[in-house]
1. Before we move on, is G30 modelled with pLDDT under 95 and more than 24 Å from E98 (Cβ to Cβ)?
2. Might you check whether a residue that is out of contact with any Cys (no Cβ under 7 Å at 6 or more places or on another chain), farther than 14 Å from I6 by Cβ, of a type in the set (S, T, Y) and at pLDDT 95 or above occurs anywhere in the range 74-84?
3. Taking the range 124-147 as the search range and keeping residues that are small (G, A, S) and in a helix (DSSP H, G or I), which one is surrounded by the most Cβ atoms within 10 Å (Cβ to Cβ)?
4. Among the residues in the range 24-35, are any touching a Ser or Thr at 6+ places or on another chain (Cβ under 6 Å) and surrounded by 14 or more Cβ atoms within 10 Å (Cβ to Cβ)?
5. Out of the residues in the range 58-87 that are exposed (fewer than 15 other Cβ atoms within 10 Å of the Cβ) and within 17 Å of the chain's Cα centre (by Cα), state the one that is nearest to V145 (Cα to Cα).
6. Residue check, R90 against (1) surrounded by fewer than 17 Cβ atoms within 10 Å (Cβ to Cβ); (2) more than 30 Å from V144 (Cα to Cα), all met but one. Which one?
7. What's the number of the condition A55 fails, among (1) without any contact (Cβ under 8 Å) to a residue 12 or more places away in the chain; (2) closer than 23 Å to R94 by Cα; (3) surrounded by 13 or more Cβ atoms within 10 Å (Cβ to Cβ)?
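The values are calculated or read from the model by the stated rules, or taken from the named source; none is laboratory data. Quick caveat, the model's predicted, so the values are computed rather than measured. Heads up, the Cβs are rebuilt from the backbone with ideal geometry, glycines too, and the neighbour counts pull from every protein chain shown.
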Amino acid sequence: MSLLTIQQAARRSGLSEPTLRYYEEVGLIGPIARDGTSGHRRYREADLDTLQVLACLRAMGVGIEDMRTYQRNRALGNEAASAQRDILLRHAERVELEIATLGVHLEYLRRKAALWDARDRGDAADEAEAQMQVQRILPDLERVVRA
């Protein structure tokens with residue numbers, strides 16, 4: 001059985017060493033085995049699998065409490081399948097909203113860039129068109145800012 005140092009586990013999971021320590025502290029993983037002589041953490045492959053799941057959840061913006069619930073449900077297996085689905089779908093809806101918001105922001109930036117490009121070129125007709133396009137996106141921008 002291959003044991004990994006905290007540095008190796010961090011590198012393989014994509015999580016920082018302080019994050020690994022914190023996740024153990026708050027009960028998301030572990031307890032992690034310790035080297036008998038040095039007391040340093042030694043991660044098993046099973047620990048790494050858990051860390052990779054947590055890294056994925058973290059990257060998707062899942063908070064600590066939902067990670068805890070997700071971890072508890074993972075241990076329950078099929079018995080908790082519907083709860084796992086619900087957690088993931090709730091976060092999928094949040095991500096969809098974030099994507100829509102970013103889409104509006106992206107469109108605004110592109111339209112404003114077109115406006116400044118027309119000004120840079122001294123093209124009054126293109127500037128007027130770009131200004132009209134910016135005005136059209138403002139209600140969408142205001143809507144996502146309020147959401």
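1. Values: modelled with pLDDT under 95: yes; more than 24 Å from E98 (Cβ to Cβ): yes.
Judged against the criteria, G30 is a match.
2. Pass one, the range 74-84, residues out of contact with any Cys (no Cβ under 7 Å at 6 or more places or on another chain): 74-84.
With farther than 14 Å from I6 by Cβ added as a condition, the list becomes 74-84.
Restricting the remaining residues to those that are of a type in the set (S, T, Y) gives 82.
Next, only the ones that are at pLDDT 95 or above stay: 82.
Yes: the range 74-84 contains one or more residues that are out of contact with any Cys (no Cβ under 7 Å at 6 or more places or on another chain), farther than 14 Å from I6 by Cβ, of a type in the set (S, T, Y) and at pLDDT 95 or above.
3. Kept after step one, since they are small (G, A, S), are these residues of the range 124-147: 124-125, 128, 130, 147.
Then drop every residue that is not in a helix (DSSP H, G or I), which leaves 124-125, 128, 130.
On the way: A124: 10, A125: 8, A128: 12, A130: 21.
Residue satisfying both the conditions and the ranking: A130.
4. Just the residues of the range 24-35 that are touching a Ser or Thr at 6+ places or on another chain (Cβ under 6 Å), to begin with: 29.
Those left that are additionally surrounded by 14 or more Cβ atoms within 10 Å (Cβ to Cβ): 29.
Within the range 24-35, one or more residues are touching a Ser or Thr at 6+ places or on another chain (Cβ under 6 Å) and surrounded by 14 or more Cβ atoms within 10 Å (Cβ to Cβ).
5. The first filter runs over the range 58-87 and keeps only residues exposed (fewer than 15 other Cβ atoms within 10 Å of the Cβ), leaving 59-61, 63, 65, 68, 72, 74-79, 81-83, 85-86.
Narrowing further to those that are within 17 Å of the chain's Cα centre (by Cα): 59-61, 63, 65, 68.
On the way: A59: 23, M60: 21, G61: 19, G63: 22, E65: 27, R68: 31 Å.
Here the answer is G61.
6. (2)
7. (1)
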